[in-house]
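Report on the following structure.
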Amino acid sequence: MAVTAEAVKTLRERTGAGMMECKKALVEANGDLDAAAEAMRKAGLAKADKKASRIAAEGVIVLERSADGKRAAIAEVNCETDFVAREKDFQNFANAVALAVLEKNPANVDALGSLPIDGGKSIEDTRRELIAKIGENITVRRFQVIEAPAVVGTYLHGTRIGAVVAMKSGDDAVAKDLAMHVAAINPARVSAAEVPADEVAKERSVFIEQAAQDPKNAGKPRELLEKIVEGKVRKWLNEITLLGQPFVKDDKQTVEQYLKKAGGEVLSIVRYEVGAGIEKKQEDFAEEVRKQVESSKKA
């Protein structure tokens, strides 16, 4: 049957799909807009399921903070390419995820998926429809809600790194400074007291072996060698902990010294970076071009 341009335009606005895809769906549905839209939705969800196994290591980190400044949500939403990560619909979806996390604090990703966006479709349905529309796998990888008795500091570096600092005491300015530091320097713990004893023991054993093999230490008494080793352990602890690190805005003082002057105490820190820990597929561009050239010759 004949399909009008107006019907195609209407279906495009409803589905976000291409013109030819909309026209085909309308023809198959005998011009019924609702039936065509539903058929396209089901087809899109099927395509989304097929893309679920594809690696999504690009994306964005998103942050939301409560009006009183005492709660914040951080989330990582992934896609396959940085091009899609800059796409408006993808970023709007990611921001909606962070807001839902802040408001509802779901137990896990599955629970998050069942929450509605703006009182409409669920996050999971929206995610799958977005996959169908954009053509890439999209996942909500992780999220966390952070609360503090004083204030929660947040800092977003572009869209790829986000940090949250929970303060037991201190003001907004101090909290934001510390969140900026965490984003930039990436401390593993707040203080040396939080570093697990087995990690410390492992590093100490490495330093003991290094000291024993260093020719400069030949003939030195055991007590002196122990002091050398403990000095290296303290230096390592300062390097990996927030309080021991040189403050990013003034490296002549440590974060601990900055806090003493500014007045504040840190309870916890969270730092997300896009794709951290995801094993990315390594592409050999030259080899891919070679294969395409050989394929074209055979054709």
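Summary table below
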item: DSSP beta bridge pairing in the chain, given as percent antiparallel to the nearest 5; result: 95
item: Positive-end extreme of charge dipole, the chain - chosen from Ala197, Val233, His157 (charges on Cβ); result: Val233
item: Under 11 Å, Cβ to Cβ, from Asp250 - net charge with Lys/Arg +1 and Asp/Glu -1; result: +1
item: Correct option for Rg and Dmax of the Cα atoms in Å [calculated from the coordinates] among (1) 23.3, 74; (2) 18.7, 58; (3) 26.5, 96; result: (3)
item: Highest average packing first - 88-100, 268-280, Cβ atoms within 10 Å; result: 88-100, 268-280
item: Listed residue (Phe207, Leu224, Gln253) projecting farthest to the positive dipole end of region 192-260, Cβ model; result: Leu224
item: Within region 132-149, backbone nitrogen closer than 20 Å to the virtual label 7 Å beyond the Cα of Arg12 toward Cβ; result: 132-135
item: The chain: calculated mean residue ellipticity at 222 nm from DSSP helix runs of at least 4, using -39500 (n - 2.57); result: -15500 deg cm²/dmol
item: Computed magnitude of the charge dipole of the chain (debye, nearest 20; Cβ of K, R +1, Cβ of D, E -1); result: 420
item: Centre separation in Å (Cα based) which lies between region 206-229 and region 109-175; result: 48
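Only the coordinates and a few stated rules stand behind these numbers; no lab work does. The structure presented is a predicted model; accordingly, all values stated were derived computationally and were not measured. For neighbour counting, all protein chains shown are included, and Cβ atoms are generated from backbone atoms with ideal geometry for every residue, glycine included.
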